[in-house]
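S.K.: First, the structure itself, so that you have it in front of you.
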């Protein structure tokens, strides 16, 4: 499992929210949140990302984070019933990290529902599952 990548940014694609990082001559395509993408340096610059390696029957996907705390929240979101990596990365991209943690701790369901892809039931489930864990 890959836990950390440090290398040169080769591709930075805002449309797909992916970054390709060259580490020792190997390009790793990493999905990131919109918030993390904003902190990624320009192509050709050095980049460091915390990584979650997501393995399914048909795919191995890398998800990247600007901090270990952001990755930890992603993992907690994956533990919420019916929340997969796509929704978890959407939640992380919906608000700046500090504001998101405050929103989750305070149970602000309305803010979560404004995140694209997160409806009322998903927002309720996230808040219920993470209550008292942040």
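The values are calculated or read from the model by the stated rules, or taken from the named source; none is laboratory data. These numbers were taken from a predicted model, which means no experiment stands behind them. Cβ sites come from the backbone with ideal geometry, for glycine too, and all protein chains shown count toward neighbours.
S.K.: In region 1-19, which residues are within 16 Å of the chain's Cα centre (by Cα) and farther than 24 Å from residue 84 by Cβ?
M.R.: Matches in region 1-19: 12 only.
S.K.: Something else about it: Output the number of the condition that residue 98 fails; it satisfies all remaining conditions of (1) under 16 Å from the mean Cα position of the chain (by Cα); (2) in a loop (DSSP other than H, G, I, E, B); (3) free of Cβ contacts under 8 Å to residues at least 12 places away in the same chain.
M.R.: Going through the list (1) under 16 Å from the mean Cα position of the chain (by Cα); (2) in a loop (DSSP other than H, G, I, E, B); (3) free of Cβ contacts under 8 Å to residues at least 12 places away in the same chain, residue 98 breaks only (2).
S.K.: Also, I was wondering about something else. Can you pull out the residues in region 62-95 that are outside any helix (DSSP H, G or I) and surrounded by fewer than 15 Cβ atoms within 10 Å (Cβ to Cβ)?
M.R.: 67, 79, 81, 82, 84 - these are the residues of region 62-95 that are outside any helix (DSSP H, G or I) and surrounded by fewer than 15 Cβ atoms within 10 Å (Cβ to Cβ).
S.K.: Any residue in region 20-28 that is within 10 Å of the chain's Cα centre (by Cα), farther than 20 Å from residue 132 by Cβ and surrounded by 14 or more Cβ atoms within 10 Å (Cβ to Cβ)?
M.R.: no
S.K.: Here's another thing I want to ask about it. Within region 103-124, can one find any residue that is out of contact with any helix residue (DSSP H, G or I) (no Cβ under 8 Å at 6 or more places or on another chain), modelled with pLDDT of 95 or more and surrounded by 12 or more Cβ atoms within 10 Å (Cβ to Cβ)?
M.R.: The answer is no, given that none of the residues of region 103-124 is out of contact with any helix residue (DSSP H, G or I) (no Cβ under 8 Å at 6 or more places or on another chain), modelled with pLDDT of 95 or more and surrounded by 12 or more Cβ atoms within 10 Å (Cβ to Cβ).
S.K.: Still on this structure, please answer the following. Can you confirm whether region 50-59 contains a residue that is part of a helix (DSSP H, G or I) and in the same structural domain as residue 13 (by TED's automatic domain parsing)?
M.R.: No - not one qualifying residue is present in region 50-59.
S.K.: Answer yes or no: is there a residue in region 35-49 that is touching a helix residue (DSSP H, G or I) at 6+ places or on another chain (Cβ under 6 Å), within 25 Å of residue 118 (Cβ to Cβ) and modelled with pLDDT of 95 or more.
M.R.: No, because not a single residue in region 35-49 is touching a helix residue (DSSP H, G or I) at 6+ places or on another chain (Cβ under 6 Å), within 25 Å of residue 118 (Cβ to Cβ) and modelled with pLDDT of 95 or more.
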